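Chemist: Sharing a structure, written as structure tokens. Questions coming.
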Amino acid sequence: MNPPLALATAARVLIQIRHDPRTVLLLLLVPSLLIGLLAWIFEDTGVFGDLGPALLGLFPFIVMFLVTSITTLRERRSGTLERLMTLPLGKFDFIAGYTLAFGLLGTVQSLIASAYAVWVCGLDVEGSLGLLVTVAVVDAVLGATLGLFTSAFAATEFQVIQFMPALVFPQILLGGIFIPREQMPAVLEAVSGWLPLSHAVEALNLVADGSGSTAEIIREIGILAAFAVVFVVLGAVTLRRRTP
């Protein structure tokens, strides 16, 4: 991998997104608005206090997955990727550049969503706010890397949406958002342990209720980072120059 080429790719992606206000609004504001809507729905019920930490992992993950996969797919369908590959730009340079660009956007997104959830929606956090934001950021980056990997198998934007029931919905159902993982049937609990969103939700809950040690939370963050690295590698290996 050539770091200057990866940085140049990241800069190009950020400039491109800057000229698309709808994408910027989707990335930066929609997760916060959805969190705010649910906080309003469950006002004075105490439910938001239970669901709020998990939502910080859920909405940024989904938004980053969709935007990254569709953006990468468009690069390939338009022939941009094919033209870039005629330059001394390798697949890892391309994927690393996209990861850096969407990682930066995911960081800003997570900072906004975390601040909004805590200081506007009143989410109680017993643990470290720094750790809460760190988990949210890594989770958003994870969604971006999964989107990069998934885009290699889609030929249209509609096919990207079709991947959600297969790749995202099971993680939502088994991630411990609706019921603690330890209360699930043994088989489902075992499966959930291999799903990255489960570890994001677990880490966010440990920080929010103050029940987890720093070592436990860092362990979950490490697992999320490992998943992200695997998706980056798989994304580079499966990347195609152009959609048939």
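The values are calculated or read from the model by the stated rules, or taken from the named source; none is laboratory data. Just so it is clear, the structure is predicted and the values come from calculations on it, not from any experiment. All Cβ positions, glycine included, derive from the backbone under ideal geometry; neighbour counts span all protein chains shown. Areas reflect the complete protein model, heavy atoms only, side chains present, ligands, DNA and RNA absent. Shrake-Rupley method; radii C 1.70, N 1.55, O 1.52, S 1.80 Å.
Chemist: With (1) at pLDDT 90 or above; (2) closer than 28 Å to A208 by Cα; (3) open to solvent by 70 Å² or more (accessible area, probe 1.4 Å) as the list, and L66 as the residue in question, which single condition is left unmet?
Modeler: Here L66 clears every test but (3).
Chemist: Also, quick follow-up: Please determine whether any residue of region 69-91 is outside any helix (DSSP H, G or I), farther than 20 Å from A226 by Cα and at pLDDT 90 or above.
Modeler: no
Chemist: Still on this structure: Yes or no: region 92-104 includes at least one residue that is open to solvent by 50 Å² or more (accessible area, probe 1.4 Å) and at pLDDT below 90.
Modeler: Yes: one or more hits.
Chemist: Let me ask something else about it. Going by what's in this entry, would F153 be described as assigned to a loop (DSSP other than H, G, I, E, B) and more than 26 Å from A208 (Cβ to Cβ)?
Modeler: Against the criterion (assigned to a loop (DSSP other than H, G, I, E, B) and more than 26 Å from A208 (Cβ to Cβ)), F153 qualifies.
Chemist: I need the full set of residues from region 164-221 which are open to solvent by 20 Å² or more (accessible area, probe 1.4 Å), in contact with a Ser or Thr (Cβ under 6 Å, 6 or more places away or on another chain) and under 17 Å from F65 (Cβ atoms), in order please.
Modeler: Result: L174, single match.
Chemist: Let me ask something additional. Answer yes or no as to whether L129 is within 19 Å of V201 (Cβ to Cβ) and either open to solvent by less than 30 Å² (accessible area, probe 1.4 Å) or at pLDDT 85 or above (or both).
Modeler: Taking the combined requirement at face value, the residue satisfies it.
Chemist: Residue check: is A225 in contact (Cβ under 8 Å) with a residue 12 or more places away in the chain, closer than 29 Å to F92 by Cα and not β-branched (V, I, T)?
Modeler: Yes.
Chemist: Give the residues of region 195-238 that are at pLDDT 95 or above and not in a helix (DSSP H, G or I), sorted by residue number.
Modeler: L195
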